[in-house]
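Chemist: Next up is a structure, given as structure tokens.
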């Protein structure tokens, strides 16, 4: 066998096509820091229930009396709805508690882990309850 | 003297028995529960592990995928640190220190995991979503696949991409590896592990080095809502089959549809290279062989590809609820002879689910990143 042929045989790699990702996909690890968990309690000021990632904004009062403005990222509304997280659950003006992971650049932006709503219910993405039907 | 001899023998034997009794192994058994008190089921690869705090000896056991139960047996008496490393994005890894196991005794316990999965990363590793969407179909008795009037299998249905199976080529589709704690893309698929390795022709390797990660196309195209080569083998997709055309509709995908022509037409001679190429299907028994050429160079296929890239998908619906697709990609223009990328898609009927509208551009905030892409995508 020629040297090229040998190299081909040694080098043939059978591998996975990069699994097709969500449009506008980006990596958590590229933008958020899993070693920087945050918990923010405050008032919802704005909700963007849009693709590719829903977002919402919370104002929280700091110990010194100042107001901090936080932005939180969620998954796409199509996935949220399957987890029972419908768009009416986040109401502007309501008091919520958000757990998340802060942006790597330490800005007041975080990737949302869970949201505790005013009635105490905790929304997360791990429920093993039956998914909401979308048919 | 003889009495002393026998006494000492008996004492030694007695000590021996005592020692053996003290060393009779204990056990730790129980169930792993989620925060809603439901047993953690359908979680492949879950395990519980004990590490002896004195000897560092390790005992581990898998968690039963059907019941969430585990049994650690032959555990020598001692003190242990227990971990249930269920893999970061879905559950937080569970740890408990100072678990005392006594000789001959069984510790029964419930391990209650905490949610690890972010609402913000449910698109990255939606294991629960996928398994819940597939659960109803998988619990039904086996039925034959439906057929078209001409007798050929009918692929019509809403399907969920059920992830990788052992034995699949490569590290697996979605379930290839646990994401890092706190969330993140799963290794081997779904955004992590982009850029599969395939031996490139020298000109392509050189071009890849120059272009790495720069610009709005290639690996970054999806960041600005541009199409991917095969519409979303991602979460849910749909097939609508007519005798002459098979339509593949995919959520979270641009443009969200692909046409596979079944009427025997060849690939066109005059063709503008396209993000999804041109697909024609022909039957071999009950297998539909879909042949796609005519891709442009901007869509991402492998680390880099030419317009000669060629994708073959072999599709089967072995029974009502299963869909199997074997994908083989080669590129005589940019990859070395014999270099192929293979992927298996395992679809399960997603009863009660529908494809929802997804307009990626409506509020996309992602900038183009100029830095070279690394493995953490």
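Chemist: For residue B:365 and residue B:74, what does the FRET efficiency come to when R0 = 41 Å and r is the distance between their Cβ atoms, rounded to the nearest 0.05?
Modeler: Efficiency, from the Cβ-Cβ distance: 0.15.
Chemist: Report the Cα centroid-to-centroid distance between region A:28-85 and region B:304-331 in angstrom, as an integer.
Modeler: If we compute the Cα centre of each part, the gap is 38 Å.
Chemist: Multiply the residue separation of residue B:352 and residue B:148 by 0.36 nm, subtract the distance between their alpha-carbon atoms, and state the gained length in nm to one decimal.
Modeler: Additional length available on full extension: 71.2 nm.
Chemist: Evaluate E = 1/(1 + (r/R0)^6) for residue A:107 and residue B:203, where r is the Cβ-Cβ distance and R0 equals 56 Å; express this FRET efficiency to the nearest 0.05.
Modeler: Plugging the Cβ-Cβ distance into 1/(1 + (r/R0)^6) gives 0.85.
Chemist: Indicate the gyration tensor shape class of region B:218-325 (rounded, prolate or oblate), computed on the Cα atoms with a ≥ b ≥ c the square roots of the eigenvalues: a/c under 1.5 is rounded; otherwise a/b larger than b/c is prolate and the rest oblate.
Modeler: Since a/c reaches 1.5 but b/c is at least a/b, the shape of region B:218-325 is classed as oblate.
Chemist: If you don't mind, there's one more thing I want to ask. Between residue B:270 and residue B:33, what is 0.36 nm times their sequence separation minus the Cα-Cα distance? Round to one decimal in nm.
Modeler: Between residue B:270 and residue B:33, full extension yields 79.4 nm more.
Chemist: Further question: Once you place label points 7 Å from the Cα toward the Cβ at residue B:259 and residue B:308, how far apart are they in nm?
Modeler: Label at residue B:259, label at residue B:308, 2.8 nm between them.
Chemist: Rule-of-thumb check for region B:259-377: C-alpha Rg over 2.2 N^0.38 Å?
Modeler: Cα-based Rg divided by the globular estimate yields 1.27.
Chemist: If you don't mind, another one. Mind giving me the nanometre distance, one decimal, between the label points for residue B:138 and residue A:30, set 7 Å out from Cα along Cα→Cβ?
Modeler: Result for the modelled spin labels: 3.1 nm.
Chemist: Compute the FRET efficiency between residue B:324 and residue A:41 as 1/(1 + (r/R0)^6), taking r as their Cβ-Cβ distance and R0 = 56 Å, and round to the nearest 0.05.
Modeler: After rounding, the FRET efficiency stands at 0.70.
Laboratory data are not the source of any read-out in this text; all were calculated from the coordinates shown. Remember, it's a predicted structure, so these values are computed and weren't measured experimentally. Note that each Cβ is placed from the backbone with ideal geometry, even for glycine, and that neighbours are counted across all protein chains shown.
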